[in-house]
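The values are calculated or read from the model by the stated rules, or taken from the named source; none is laboratory data. Being a predicted model, the structure only gives us computed values, none of them experimental. We place every Cβ from the backbone using ideal geometry, glycine too, and count neighbours over all the protein chains shown. Keep in mind that these areas ignore ligands, DNA and RNA; they rest on the heavy atoms of the full protein, side chains included. Shrake-Rupley method; radii C 1.70, N 1.55, O 1.52, S 1.80 Å.
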Amino acid sequence: MTDKHLDRKVRDADPYRPGLVARLGGAEQQLLEEIMSTPKLDVVESPAPRRGLSRRLAGAVAAAAVVTGVIGATALLRDQPENGATPGAWSGPLGLPSSDTGGAGGGYELDLKAAQEHPRLLVGQPGWKITTVYGFAAAEGTIEFVNGNRSVQMNWYKADQYDSYYQDRLEVSKPEPTTVAGTAASVFTYGGGDWAAMLKPVDSSFVELRTSSGWERSEFDALLAAVKRVDAKAFLAALPPEVVTPGKVREEAAKVLADIPIPPGFDVSAVNVDGANSPYHFGAAVTGQVTCSWIAEWSRAKEAGDKEAQGQAAAALQSSHRWKVLKDMNAEGDWPEATWELVDRMIKKNEVPEGYKEGLGCQ
């Protein structure tokens, strides 16, 4: 495998690359979404091969859906009170930094404020569970719902991208007007039992619902009729407790880093992952930051002729094969294997693969 192919594999596996999606137009982003990978999901047939991690590398904000049942929190609207119950498990804002944790005040109040700034939609049919949450650092994010062998993604995008996306979807099929949760929408037919419904913007964002393949149109129409807009408390209460928000970053990062050697000058307390992210996306973001720092230290030591420090950095990077978080993530997606492959190739060739910073999301 060439360095170019290795770099591509690492970039394609990145489940959390902030900012990439924002730099793409509607057509380019859709193409990226189609080639990005979803972590292994045995019971759900994806709309496109390995869709979603992000999706592979954007699929990391734009990428990876977590394995069905790993989170498994019920998102049934009938289980949510009209005004929502205060979910004490949630802390920190969606995309707003905070050191507060949980409860009715502090970080949770900021969560509520952030949730009020984008459409809050849930599936009201029985049996649907949320399996993936990522993004929401701004007006963008993804939530995936699964029910047996059916899945649907709700993707939030910035309102000013609506026209671009709409023009792109016109190349898919002729739009069919409908209404979803009181908002005008257009249905587009991809074929093979795969549909999308694009809602018109509400405030700062708009939502597109996209099915897995194999649906009947009557099933899709019934699902659209069951989508409900809820208040911020009900929306937050429906999200899985495993999702990491900024107020929980410090605690969860400490768990991820428990058996990982810390690079010189790496400030554990400064680890930052924006938005709301499922464990897979969060683990990739944190391990990506650590790996970036160790590679930087390895490069520094090599340039300085400090063989001892270079050897220590190489040993730390090779120890990634034993990092618990990566071993746990390996059943869900390709981020761990791509990381290991990059590290092993770097050590073997005694040089840093070109483009690794983009692939790992280094800042």
**Request:** Pairs to check: Lys255/Lys349; Lys307/Lys349; Lys302/Lys327. Give those whose C-alpha atoms are more than 21 Å from each other in this structure.
**Result:** Lys255/Lys349; Lys302/Lys327
**Request:** Using only the C-alpha atoms of the range 240-323, find the volume of their convex hull and express it per residue in Å³.
**Result:** 84
**Whole-Hz ³J(HN,Hα) from phi, Karplus 6.51 cos²θ - 1.76 cosθ + 1.60, for the range 141-158, glycine and proline x** = x, 9, 10, 10, 10, 10, 9, x, 9, 10, 9, 9, 9, 9, 10, 8, 10, 5
**Asked** Nearest 0.05, what FRET efficiency do Arg300 and Lys357 give at R0 = 22 Å with Cβ-Cβ as r?
**Response** 0.95
**Request:** Can you send over the solvent-accessible area of Lys129, 1.4 Å probe, protein chains only, in Å² to the nearest 10?
**Result:** 90
**Item:** Share of alpha-carbon pairs per 5 Å distance bin for the range 122-280, given as whole %
**Value:** 2, 8, 16, 19, 17, 13, 9, 6, 5, 3, 1, 0
**Message:** Can you compute the equivalent ellipsoid semi-axes for the range 207-283, i.e. the square root of 5 times each eigenvalue of the Cα gyration tensor, sorted largest first and rounded to whole Å?
**Reply:** 37, 16, 9
**Request:** On the protein heavy atoms, probe 1.4 angstrom, tell me the percent of accessible surface of the range 302-363 carried by carbon and sulfur.
**Result:** 44
**Prompt:** Once you sort the root eigenvalues of the Cα gyration tensor of the range 126-212 as a ≥ b ≥ c, which label holds: rounded (a/c under 1.5), prolate (a/b larger than b/c) or oblate (the other case)?
**Reply:** oblate
**Asked** For Thr179 and Lys324, what does the FRET efficiency come to when R0 = 35 Å and r is the distance between their Cβ atoms, rounded to the nearest 0.05?
**Response** 0.15
**Message:** Working only with C-alpha atoms, what are the Rg and Dmax values of the range 171-225, expressed in angstrom?
**Reply:** 10.9, 33
